[in-house]
Amino acid sequence: MIKQSVGIVETKYYTIDKNIKLESGEEFGPITVAYETYGRLNGKKDNAILVLHALTGDAHAAGYHSEKDIKPGWWNDMIGPGKAFDTDKYFIISSNMLGGCKGTTGPSSINPLTGKAYGIEFPVITIEDTVKVQKELINYLGVKKLLSVAGGSMGGMQALMWAISYPEMVESAILIATTSKLSAQGIAFNAVGRNAIISDPDWQNGNYYDKENKPDRGLSIARMVGHITYLCEEAMHKKFGRKLQNKTKPDFTMDIDFQVESYLQHQGEVFVDRFDANSYLYITKAVDYFDLSGKYGSLEEAFKHTNAKFLIMSFTSDWLFPTSQSKEMVNALVHANKDVSFCEIESPCGHDAFLLEFETQTNIIKSFLKDVDNE
Amino acid sequence: MNEHYLKSKGLHLNYSLISKMVEGNSRILDLGCGSGELLQMLKEQKDIKGLGVDIDQDNIIACLKKGLSAIQGDIDVGLKEFADKSYDYVILNQTLQSTHNPEYVMQEMLRVGKKCVVSFPNFAYWRVRCHLFFKGQMPKSRILPFEWYDTPNIHLLTISDFFEFAKKRNIKILKSIYTTRAQVKKFPLTRFLPNLFAEEVIFVVSN
């Protein structure tokens with residue numbers, strides 16, 4: 001398995017030696033960014049692609065951290081030799097977002113002024129802020145222009161923001177299962193998740209890092225809710241139906257009866273081992289705030305100064321970021337006289353399809369990048 | 001489907017005729033663009049800026065491979081994403097007869113394009129007439145290769161039908177090219193009686 005991937009990789013760290021002015025107006029620093037790179041930056045430094053992770057992803061997008069590692073990076077199917085993001089051709093950069101908990105400065109990091117974790121003293125951040133931090137990393141790596149910025153879901157929001165914030169640096173943008181503004185439904189689900197965390201007594205106003213108990217129950221419920229939105233009725237029906245978990249008939253107690261319950265509980269339980277509750281609060285907030293037409297007056301206006309070639313993809317069964325929201329972006333780009341291509345991919349996997357339907361995506365992305373690369 | 005069939009038979013397409021009709025450096029929207037052959041030719045010969053629309057994802061991928069931009073979509077539901085008169089030409093090549101709502105598609109094309117190029121097989125071509133008359137079956141030909149039960153051509157029409165349609169809707173016909181076997185025929189009868197002697201027609205229209 002390791003052979004078909006970029007192999008053993010290592011997360012690296014870069015600390016930005018100045019304060020970053022956040023969208024809220026606050027100056028914030030120091031910020032350390034965790035990142036990984038795959039493939040080689042060529043002499044002309046024009047083969048770099050930035051991939052951007054979704055809500056709970058991290059810098060580890062491809063390959064393995066050790067020989068014993070069972071799970072590869074989150075987009076291992078898409079990044080590697082001969083894959084959609086071909087590491088034989090491109091230099092792939094992936095970083096953990098600001099506010100995250102996988103190496104980049106976030107609420108669980110130590111505040112140098114107090115010597116304690118930031119907790120909810122951490123400033124509220126936005127998608128634009130995370131992109132600003134990524135730009136510092138790109139500068140540090142000596143890349144002047146990105147051949148592409150690519151991401152699914154919240155990663156797509158960042159890719160959009162890149163194309164808008166730094167038009168001179170972005171040659172193409174690949175936006176997958178994403179939206180130009182989070183819908184009321186999306187905000188609603190995030191609100192349930194945050195409420196689950198905040199109402200967990202172990203949350204303790206965000207100061208739980210040196211305590212024995214962490215808000216694991218709240219965070220796992222947040223994950224369960226989130227997970228439902230990543231699937232769809234068809235996918236759930238296919239995977240679980242009404243099948244019972246380790247029993248032949250319901251036992252008329254409040255214990256777990258159905259497989260789908262057990263699955264969600266498992267997803268919640270494993271999530272708390274890899275994610276920080278406060279990071280979940282901050283990142284979902286950043287996603288809630290994302291609204292390009294609100295910020296720029298209209299979506300067309302938001303795209304006005306972009307120079308990138310856009311590729312937009314949506315999935316038929318994705319009800320969290322449905323095709324209609326992708327088409328909204330396509331329409332605005334066409335109206336703004338920008339170069340855009342669009343595909344709606346048939347898939348029964350719901351929103352999660354961007355992590356699963358790699359064959360079709362590979363075909364489309366390879367065809368698209370081939371041309372961007374030629375120009 | 002037509003495009004694919006014609007290519008597989010090694011038959012000529014009307015692309016070069018269309019290429020001659022459009023002005024260089026123009027903005028072109030190709031509806032039902034297929035795998036993008038026409039747009040590619042126009043890009044190479046006329047240095048146009050083009051965009052394709054097609055319902056089939058494989059065609060979108062084929063366009064991307066050629067370096068063309070294309071949007072997956074159904075032209076029968078309209079061209080909402082396109083602003084009024086935002087393209088110099090909107091092309092509907094060999095597709096009108098396979099749309100579900102040709103009237104609406106034409107109306108949308110004329111809204112979006114300053115000029116529109118429409119081509120379709122003429123169902124009143126003498127060979128087609130003979131086929132129906134003598135065989136008593138739905139005509140099949142080089143450009144109408146399908147059986148009645150699997151044809152995408154659900155709104156077949158004649159050149160006379162289009163003239164009448166254009167008159168009723170105040171559509172201006174700026175140019176008409178009548179062809180047989182993808183060649184412009186010098187044969188005078190084709191010019192005087194196109195509805196009988198032209199196998200195919202290309203119109204440039206505007207409103």
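The values are calculated or read from the model by the stated rules, or taken from the named source; none is laboratory data. On a predicted model such as this, the values are computed, not experimentally measured, just so you know. Backbone-built Cβ (ideal geometry, glycine too); neighbour counts: all protein chains shown. Only protein heavy atoms, including side chains, enter the accessible area calculation; ligands, DNA and RNA are left aside. Shrake-Rupley method; radii C 1.70, N 1.55, O 1.52, S 1.80 Å.
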For this session: Give the residues of region B:64-76 that are open to solvent by less than 20 Å² (accessible area, probe 1.4 Å), more than 7 Å from chain A (Cβ to nearest Cβ) and over 18 Å from the mean Cα position of the chain (by Cα), sorted by residue number.
Result: B:Leu68
Seminar exercise, completed: From the option list A:Phe271, A:Phe240, A:Phe275, A:Phe252, single residue qualifying as of a type in the set (A, V, I, L, M, F, W, C) and open to solvent by 50 Å² or more (accessible area, probe 1.4 Å) is A:Phe252
Problem set entry | Subset tally (residues that are in a helix (DSSP H, G or I), within 14 Å of chain B (Cβ to nearest Cβ) and in contact with a strand residue (DSSP E or B) (Cβ under 9 Å, 6 or more places away or on another chain)) for region A:287-309 | 2
Exercise. Of everything in region A:310-341 that's of a type outside the set (S, T, N, Q) and open to solvent by 40 Å² or more (accessible area, probe 1.4 Å), which residue is farthest from the other protein chains (Cβ to nearest Cβ)?
Worked result: A:Trp319
Exercise. Does region B:50-59 contain any residue that is among the hydrophobic types (A, V, I, L, M, F, W, C), open to solvent by less than 20 Å² (accessible area, probe 1.4 Å) and part of a helix (DSSP H, G or I)?
Worked result: no
Problem set entry | helices (runs of 4 or more DSSP H) within region B:117-204 that include 1 or more residues of a type in the set (Lys, Arg) | B:126-130, B:159-168, B:188-192
For this session: Would you check which residues across region B:130-145 are without any contact (Cβ under 8 Å) to a residue 24 or more places away in the chain and not polar (S, T, N, Q) and list them?
Result: B:Cys130, B:His131, B:Leu132, B:Phe133, B:Phe134, B:Lys135, B:Gly136, B:Met138, B:Pro139, B:Lys140, B:Leu144
Exercise. Which residues, taken from region A:154-168, are of a type in the set (A, V, I, L, M, F, W, C) and open to solvent by 10 Å² or more (accessible area, probe 1.4 Å)?
Worked result: A:Ile164
Seminar exercise, completed: Selection from region A:202-237 of residues of a type in the set (D, E, K, R) and either touching a residue at least 24 places away in the same chain (Cβ under 8 Å) or surrounded by fewer than 14 Cβ atoms within 10 Å (Cβ to Cβ) (or both) yields A:Asp210, A:Lys211, A:Glu212, A:Lys214, A:Asp216, A:Arg223, A:Glu233, A:Glu234
For this session: Would you please name the residue that is farthest from the other protein chains (Cβ to nearest Cβ), looking only at residues in region A:356-375 that are within 16 Å of A:Trp74 (Cβ to Cβ) and open to solvent by 10 Å² or more (accessible area, probe 1.4 Å)?
Result: A:Leu356
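What are the residues in region B:147-175 that are open to solvent by less than 30 Å² (accessible area, probe 1.4 Å), out of contact with any helix residue (DSSP H, G or I) (no Cβ under 8 Å at 6 or more places or on another chain) and in contact (Cβ under 8 Å) with a residue 40 or more places away in the chain, if any?
B:Phe162
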For this session: Among the numbered conditions (1) in contact (Cβ under 8 Å) with a residue 60 or more places away in the chain; (2) farther than 16 Å from A:Asp216 by Cα, tell me where A:Glu301 comes up short.
Result: (1)
For this session: Could you please tell me which pairs satisfy a Cβ distance under 7 Å, a separation of 6+ or placement on different chains, a first residue in region A:85-109 that is over 21 Å from A:Lys132 (Cβ atoms), and a second residue that is surrounded by fewer than 23 Cβ atoms within 10 Å (Cβ to Cβ) and of a type in the set (D, E, K, R)?
Result: A:Phe91/A:Arg40
For this session: Answer yes or no as to whether B:Tyr178 is surrounded by fewer than 16 Cβ atoms within 10 Å (Cβ to Cβ) and among the hydroxyl-bearing types (Ser, Thr, Tyr).
Result: no
Exercise. Just one of the numbered conditions (1) of a type outside the set (A, V, I, L, M); (2) open to solvent by 20 Å² or more (accessible area, probe 1.4 Å); (3) in contact (Cβ under 8 Å) with a residue 60 or more places away in the chain; (4) within 14 Å of chain A (Cβ to nearest Cβ) is not true of B:Asp30; which one?
Worked result: (2)
For this session: May I ask you to verify whether A:Ser199 is farther than 17 Å from A:Lys309 by Cα, out of contact with any Pro (no Cβ under 8 Å at 6 or more places or on another chain), open to solvent by 10 Å² or more (accessible area, probe 1.4 Å) and of a type in the set (Ser, Thr, Tyr)?
Result: yes
For this session: Answer yes or no: is there a residue in region B:77-90 that is surrounded by 23 or more Cβ atoms within 10 Å (Cβ to Cβ) and more than 12 Å from every other protein chain (Cβ to nearest Cβ).
Result: yes
Problem set entry | Pick from region B:28-49, criterion assigned to a strand (DSSP E or B) and among the charged types (D, E, K, R), ranking: nearest to B:Val105 (Cα to Cα) | B:Asp30
Seminar exercise, completed: Selection from region B:128-145 of residues out of contact with any His (no Cβ under 7 Å at 6 or more places or on another chain) and open to solvent by less than 30 Å² (accessible area, probe 1.4 Å) yields B:Val128, B:Ile143, B:Leu144, B:Pro145
Exercise. Which is modelled with pLDDT of 95 or more and open to solvent by 50 Å² or more (accessible area, probe 1.4 Å), of A:Lys21, A:Lys3?
Worked result: A:Lys21
Exercise. When the residues of region A:342-355 are filtered to those that are in contact (Cβ under 8 Å) with a residue 60 or more places away in the chain and among the hydrophobic types (A, V, I, L, M, F, W, C), which remaining residue is nearest to the other protein chains (Cβ to nearest Cβ)?
Worked result: A:Ala353
For this session: Just need a number here: residues in region A:102-153 that are open to solvent by less than 10 Å² (accessible area, probe 1.4 Å), assigned to a loop (DSSP other than H, G, I, E, B) and either among the small types (Gly, Ala, Ser) or more than 28 Å from A:Phe321 (Cβ to Cβ) (or both).
Result: 2
